[in-house]
Structures are given as structure tokens and as C-alpha cells.
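Below: one structure, written as C-alpha cells.
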Amino acid sequence: QVQLVESGGGLVQAGGSLRLSCAASGSIFRFNAMGWYRQAPGKQRELVERITRSGSTNYAGSVKGRFTIARDNAKNTVYLQMNSLKPEDTADYYCNADDPVSYWGQGTQVTVSS
């Protein structure tokens with residue numbers, strides 16, 4: 001049973017930074033890809049950024065140049081560094097892993113005040 005545990009969310013002012021962490025219960029090398037998704041109130045869940053086993057990434061246009069995903073295989077952890085945060089980044093952020101069965105974490109809340 002795969003468990004993904006997110007941490008690092010919180011309240012931050014616009015222009016600030018946060019780093020989210022997603023710790024997996026086992027080796028993350030088994031996963032074809034891992035990523036971060038977010039869901040704002042009243043909206044559908046959307047991809048934020050994703051990284052494959054080989055290190056390739058894809059991301060939402062709205063976070064280009066501001067967010068960076070990274071994986072640490074030794075620590076079985078994936079990170080999302082979020083800089084220059086905007087109020088529209090406010091959402092619940094979820095960690096995802098595909099092997100190709102899809103696993104999800106419980107989410108961590110990010111609130112950006114204007």
C-alpha cells in the first residue's frame with residue numbers, strides 16, 4: 001500500500017514562497033511519474049507540475065518560471081518550490097504518483113493573501 005504524505009502548506013502573502021514536500025512510504029523510483037495537482041474551491045483539480053522517472057517535467061502555463069518540481073530518490077520525496085505566489089495560487093495541493101496505478105496524498109492547503 002503506497003502512502004503519500006504532503007506537508008509545507010500554509011498562509012503566505014502575495015510574492016512570498018513556500019516549499020511543499022511529498023514523502024512516499026517506499027521507493028519513488030518505482031513510479032513512472034510524480035506530480036503536484038491543485039484544486040481551488042469550485043474548480044476542477046488541475047496539474048501544477050509533474051516529473052517523470054527520467055527527470056522530464058511538464059507544468060501548467062500559469063506557474064511557468066515560478067514553481068519548480070524536484071525529486072530526491074534517496075529520501076523518497078518530491079518537492080514543489082513555489083515562488084512569487086499569487087492569490088490565484090490559493091488551493092488544496094495534492095501529490096500524485098503513477099506506476100501506472102494512480103496514488104494520491106491527502107492534500108495540503110495553500111492560501112495566498114493579497
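The values are calculated or read from the model by the stated rules, or taken from the named source; none is laboratory data. The structure displayed is predicted, hence computed values, not measured ones. Quick reminder, even Gly has a Cβ in these numbers, built from the backbone with ideal geometry, and neighbours come from all protein chains shown. With ligands, DNA and RNA removed, areas are computed over all heavy atoms of the protein, side chains included. Shrake-Rupley method; radii C 1.70, N 1.55, O 1.52, S 1.80 Å.
Overview of values
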| item | result |
| --- | --- |
| Unmet criterion (only one of (1) touching a Leu at 6+ places or on another chain (Cβ under 6 Å); (2) modelled with pLDDT under 95) for Asn73 | (1) |
| Subset of region 90-107 [open to solvent by less than 20 Å² (accessible area, probe 1.4 Å) and either touching a Gly at 6+ places or on another chain (Cβ under 6 Å) or farther than 24 Å from Ala24 by Cα (or both)] | Cys95, Asn96 |
| Residue in region 30-49 that is least open to solvent (accessible area, probe 1.4 Å), counting only those that are without any contact (Cβ under 8 Å) to a residue 40 or more places away in the chain and under 14 Å from the mean Cα position of the chain (by Cα) | Glu49 |
| Total residues in region 18-58, condition in a loop (DSSP other than H, G, I, E, B), at pLDDT below 95 and either of a type in the set (A, V, I, L, M, F, W, C) or touching a Gly at 6+ places or on another chain (Cβ under 6 Å) (or both) | 1 |
| Boolean, Glu6 is acidic (Asp, Glu), touching a residue at least 40 places away in the same chain (Cβ under 8 Å) and either open to solvent by less than 50 Å² (accessible area, probe 1.4 Å) or assigned to a loop (DSSP other than H, G, I, E, B) (or both) | yes |
| Filtered residues of region 66-111 (kept if without any contact (Cβ under 8 Å) to a residue 40 or more places away in the chain, part of a loop (DSSP other than H, G, I, E, B) and either closer than 16 Å to Gln13 by Cβ or acidic (Asp, Glu) (or both)) | Arg66 |
| Single unsatisfied condition, Gly55 versus (1) touching a residue at least 24 places away in the same chain (Cβ under 8 Å); (2) among the small types (Gly, Ala, Ser); (3) farther than 20 Å from Gln106 by Cα | (1) |
